[in-house]
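Shown next, in structure tokens, is the structure this report addresses.
The values are calculated or read from the model by the stated rules, or taken from the named source; none is laboratory data. Here the structure is a predicted model, which is why all the values come from computation and not from measurement. Heads up, the Cβs are rebuilt from the backbone with ideal geometry, glycines too, and the neighbour counts pull from every protein chain shown. SASA here: full protein model, heavy atoms, side chains in, ligands and nucleic acids out. Shrake-Rupley method; radii C 1.70, N 1.55, O 1.52, S 1.80 Å.
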Amino acid sequence: MTLMDRTARDLVDAFAASTPTPGGGSAAALAGALGAGLLRMVEVRWHTDYLDGATAPVAVRREQERWEIGLVAYRGGFRCYDAETGALRWSWPGRPTTAPIACDLDGDGEEEFLVGAGDHLIALAGRDGQPRVRWDLDLKTRCGPPVAADVDGDGASEVVLLTADGRVVVVGQQDGPG
């Protein structure tokens with residue numbers, strides 16, 4: 001039976017066997033052909049300019065009917081891109097010091113990008129090409145990367161982060177008018 005006459009299961013079983021399998025070169029050629037075929041199934045849709053991308057992981061949020069990608073930019077500041085087209089939607093010139101996350105911490109139904117900036121936790125959003133600082137919480141000490149979770153089981157997100165003075169801080173929506 002030739003390599004071409006085998007089923008995929010037969011090939012996997014033969015290649016996984018502990019006994020030598022004739023046609024190892026054919027197996028390598030087949031693997032290369034499959035890899036090349038898979039590469040034709042994907043493409044780079046868009047990318048940022050050289051040295052204008054992220055220095056930390058990115059965050060993704062839904063803003064009305066579009067998805068946005070938020071990132072701490074290589075050259076400083078925070079940038080928000082249209083996830084579909086790669087167009088810059090808005091940028092904030094501040095100095096983020098942590099990777100961003102996306103979450104609706106204030107309970108208004110809209111996710112914001114949250115970043116640490118020194119000793120502040122900052123919520124960013126944008127409209128019409130302009131950045132908006134939705135809120136700015138002074139933590140009195142440098143903060144680490146935020147993590148969003150419903151830690152108290154009330155259905156609303158809280159943010160958990162570490163601070164430079166060794167504390168674990170949980171930040172959440174105010175209970176009642178504030």
* Can you name the condition, by its number, that Q173 falls short on among (1) at pLDDT below 90; (2) under 22 Å from the mean Cα position of the chain (by Cα)? -> (2)
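Mind checking which residues of the range 85-108 are of a type in the set (D, E, K, R) and surrounded by 12 or more Cβ atoms within 10 Å (Cβ to Cβ)?
First pass over the range 85-108, keeping only residues of a type in the set (D, E, K, R): 89, 95, 104, 106, 108.
Answer for the range 85-108, where residues must be of a type in the set (D, E, K, R) and surrounded by 12 or more Cβ atoms within 10 Å (Cβ to Cβ): R89, R95, D104, D106.
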* Asked: Looking at the range 127-144, is at least one residue closer than 13 Å to A102 by Cα, open to solvent by less than 40 Å² (accessible area, probe 1.4 Å) and in contact (Cβ under 8 Å) with a residue 24 or more places away in the chain?
  -> no
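Looking only at strands (runs of 3 or more DSSP E) that fall completely inside the range 46-125, which ones have 2 or more residues that are closer than 19 Å to L139 by Cα and modelled with pLDDT of 90 or more?
On the way: elements: 59-63, 66-72, 78-82, 88-92, 101-103, 112-117.
Strands (runs of 3 or more DSSP E) meeting the threshold: 101-103, 112-117.
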* Among all residue pairs at least 6 apart or on different chains, which show Cβ distances below 6 Å where the first residue, located in the range 89-116, is β-branched (V, I, T) and the second is open to solvent by 50 Å² or more (accessible area, probe 1.4 Å) and assigned to a loop (DSSP other than H, G, I, E, B)? -> T98/P145
* What number of residues within the range 1-45 are at pLDDT below 70, surrounded by 10 or more Cβ atoms within 10 Å (Cβ to Cβ) and in a loop (DSSP other than H, G, I, E, B)? -> 2
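For the range 109-121, give me the residue count where each residue is within 19 Å of D165 (Cβ to Cβ) and open to solvent by less than 40 Å² (accessible area, probe 1.4 Å). Talk me through it step by step, then tell me what you get.
Keep residues of the range 109-121 that are within 19 Å of D165 (Cβ to Cβ), which gives 116-121.
Imposing the further condition that a residue be open to solvent by less than 40 Å² (accessible area, probe 1.4 Å) reduces the set to 116-118, 121.
Here the count works out to 4.
Take the residues of the range 146-170 that are part of a strand (DSSP E or B) and in contact (Cβ under 8 Å) with a residue 24 or more places away in the chain: which is nearest to A99 (Cα to Cα)? Steps first, answer last, please.
Residues of the range 146-170 part of a strand (DSSP E or B): 147-149, 158-163, 168-170.
If we keep only those that are in contact (Cβ under 8 Å) with a residue 24 or more places away in the chain as well, we get 147-148, 158-159, 161, 163, 169.
Working: V147: 10, A148: 12, E158: 17, V159: 13, L161: 12, T163: 14, V169: 17 Å.
Across the range 146-170, the extreme among qualifying residues is V147.
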